[in-house]
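This report concerns only the one structure given below.
The values are calculated or read from the model by the stated rules, or taken from the named source; none is laboratory data. Owing to the predicted nature of the structure, the values given are computational and were not obtained by experimental measurement. For neighbour counting, all protein chains shown are included, and Cβ atoms are generated from backbone atoms with ideal geometry for every residue, glycine included. Quick note on the areas: whole protein, heavy atoms, side chains included, nothing else; ligands and nucleic acids left out. Shrake-Rupley method; radii C 1.70, N 1.55, O 1.52, S 1.80 Å.
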Amino acid sequence: MIRRGWAAVLGVLAVAASAVPAYAAGGSDLAVGARPAVGKVNGVVGLELSIANFGPDQVGATVKVRFDYTAPPGTRFVGGFEGEDCNLREDSTRAECYTVGPWPGVAPDGKAVWRTVQVRIDGPVTGRGSLKVTCSCDPNAANDQVPLLVNDPGPAPSATPQASPAAASAPARSSMAPSVSPQASAVPVAESPDSGTGVVAVPEAVPAAADPDLSSASRTLIIVILCVVLIGLLALAVAVYVLRRGAERDG
């Protein structure tokens, strides 16, 4: 009966381990964001993109992170990938880029780092593009993709990346990522001979204020600890009951 008691305890602990959220065991909750751009046909506009890590861990030094860029229909990429290992398709409408390990300026604190890629507007923009991040280190896929908007008539999306379900939104940094090559911002803005300026400035969105009293990582850790304590108490109660029953039967 004692063996059965320990078997019951191990079974309860196995169920408890499977019930703990994936992010409780660590990981890097990566998220991407984007700001809309407005321009004219034959003009070049800059798409402002952000990368954030809501933690709790930094990306490992040997972990590969993939970024998939899709330009909005009617546009194509013309610059901004100089600092990355990228495979740009012949029509320049898609790009696959990779980084290995943590990139400069991005820490597991939820603060976004911004960079800019340039797209040329070849004609009427008929849809939305996208940016998606993929990493084996990321347990939360809910905030791994964001639409890229150029001359989009719909409502502008939030300028800050979405947080994980257990994390609050963190304020975005207005500065660009230090890893962006200086040549990326030197791409000239092409203008149509019979048009005005090629780019219309878009006001920067005001980031939402983060909770000053308790960080998202701390709240997650408290929830996980409470869950583990409750499950441990339940396992102990089951073990005591099984051992007592065994003792009564042996007696």
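Some points to look at:
Residue by residue, here is whether (1) among the aromatic types (Phe, Trp, Tyr); (2) part of a loop (DSSP other than H, G, I, E, B); (3) closer than 14 Å to VAL38 by Cα holds:
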residue: ALA95; (1), (2), (3): no, no, no
residue: ALA107; (1), (2), (3): no, yes, no
residue: GLY127; (1), (2), (3): no, yes, yes
residue: ASP152; (1), (2), (3): no, yes, yes
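- From the list GLY79, GLY110, GLY83, GLY129, the lone residue that is buried (at least 19 other Cβ atoms within 10 Å of the Cβ) and touching a Pro at 6+ places or on another chain (Cβ under 6 Å) is GLY129.
- Of the criteria (1) open to solvent by less than 70 Å² (accessible area, probe 1.4 Å); (2) among the polar types (S, T, N, Q); (3) part of a loop (DSSP other than H, G, I, E, B), which one ASN53 fails: (3)
- ILE231 vs. criteria at pLDDT 65 or above, surrounded by fewer than 12 Cβ atoms within 10 Å (Cβ to Cβ), out of contact with any Phe, Trp or Tyr (no Cβ under 7 Å at 6 or more places or on another chain) and of a type outside the set (Gly, Ala, Ser): no
- Within the stretch 83-123, the set of residues being touching a residue at least 24 places away in the same chain (Cβ under 8 Å) and over 22 Å from the mean Cα position of the chain (by Cα) comprises VAL119, ARG120, ILE121, ASP122, GLY123.
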